[in-house]
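Novice: The structure is given below, and queries will be raised subsequently.
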Amino acid sequence: MSEKEDLAKQKAEAAAKAKAAAAAKAKAAALAKKQAKEETAEKPEGEIDLAKQKAAAATKAKAAALAKKQAKEETAEKPEGEMDAAKQKAAAAAKAKAAALAKKQAKEEAAEKPEGEMDAAKQKAAAAAKAKAAAAAKAKAAAAAKNRTAVQESEEADTPSEISPNQSKLDQIVSAIESHVGQGALLENYINRLSKDVPTLVANPDTYFSIAKFLRYNEQLDFSYLSELHGTDFESHMEIYVHLHSFKMNQSVALKVKLDRDTPVIPSLVPLWSGANWPECEAYDLLGIDFYEHPDLKRILLGEDWKGYPLRKDYEPYDVEV
């Protein structure tokens, strides 16, 4: 017999063995199913679940033993190159089978649970998801605060020592405010190097409106244009930032005020600049800052029934799925 004929004969024998093994496996599965069905019909409800589990375990063990036997036989007949591929294929098949069995068991257990237990499980999962979201938000806020502190320290270290070209303008504005509003009207004033050297005024909450009114109507200053107003949550306090421009001086200025985070209340600037209307509504909507004497303070992005203020660092969604 030639080598070619011998190889063909070996392949035919291997195919016959595989076919016989598959037939035996099918027959064993059918017999096990039939036995399980007969046993189930004879047993009371309490024993049926135990019998199902026992039968499933027996079927799984039998299938594993048969798969192991087939793999062993195929390994003995195959060359080394094919053995590795066969092992991988067998492992993948076993893994898929185990996953399918686990899914089936989980489905059966869920079907057997009473409605009360299922609702409790859902509530537990929702509570766990909410707690996880809260922890993530807290960690994110802490990291952001740490990063801001590091950036501020870096900015202070890198601040150039040369005098800003806007320093004389700042001195002029500060002098005028202290003369007409009062010496303690401003808490702080400085040149903001990171914002085109804009002169920046930090007002006392009690004198915020008086300073704004002086900047608006003083003939020498005449800051007639409000280009920006927004709020920020710094976790320790809230802050309002107002950007004004004087066409007469050809100069911009920033007016800031720090507010108590628990009760952030400040006068509205709408009586001085009508352009403050919607920015103040936005700060109210997203941060909960109350601008009293505003002509129509309302939520403009979220509904009036929305719970909480999304731009606060400790904001947690009312609905965890949102």
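Novice: Hey, can you find the accessible area per residue of segment 272-322 for me, probe 1.4 Å, expressed in square angstrom?
Specialist: Details: 3180 Å² over 51 residues.
Accessible area per residue: 62 Å².
Novice: If each residue of separation counts as 0.36 nm, what is the full-extension length gain between Lys11 and Lys25 once their alpha-carbon separation is subtracted?
Specialist: The span from Lys11 to Lys25 would gain 2.9 nm if fully extended.
Novice: Follow-up question, since we're still on this one. Once phi is turned into ³J(HN,Hα) by the Karplus curve 6.51 cos²θ - 1.76 cosθ + 1.60 with θ = phi - 60°, what whole-Hz value does each residue of segment 219-235 show in order, with x for glycine and proline?
Specialist: 5, 6, 8, 6, 7, 8, 10, 9, 9, 7, 8, 8, x, 9, 9, 9, 6
Novice: I've got another one for you. Report, ordered by chain and residue number, the lysines lying within cross-link reach of Lys19, taken as a straight Cα distance under 20 Å and ignoring same-chain residues fewer than 8 apart.
Specialist: Cα-Cα hits under 20 Å: Lys9, Lys11, Lys27, Lys62, Lys68, Lys69, Lys72, Lys78, Lys87, Lys89.
Novice: How large is the convex hull of the C-alpha atoms of segment 233-322 per residue, in Å³?
Specialist: Roughly 112 Å³ of hull volume per residue.
Novice: While we're here: Among the lysines, select those whose C-alpha is under 27 Å from the C-alpha of Lys248, and discard any that sit fewer than 8 residues away in the same chain.
Specialist: Excluding near neighbours in sequence, the set is Lys169, Lys196, Lys213, Lys256.
The values are calculated or read from the model by the stated rules, or taken from the named source; none is laboratory data. Note that the structure is a prediction, hence the values are computed from the model and not measured. To get the accessible areas, we keep the full protein, side chains included, count just its heavy atoms, and leave off ligands, DNA and RNA. Shrake-Rupley method; radii C 1.70, N 1.55, O 1.52, S 1.80 Å.
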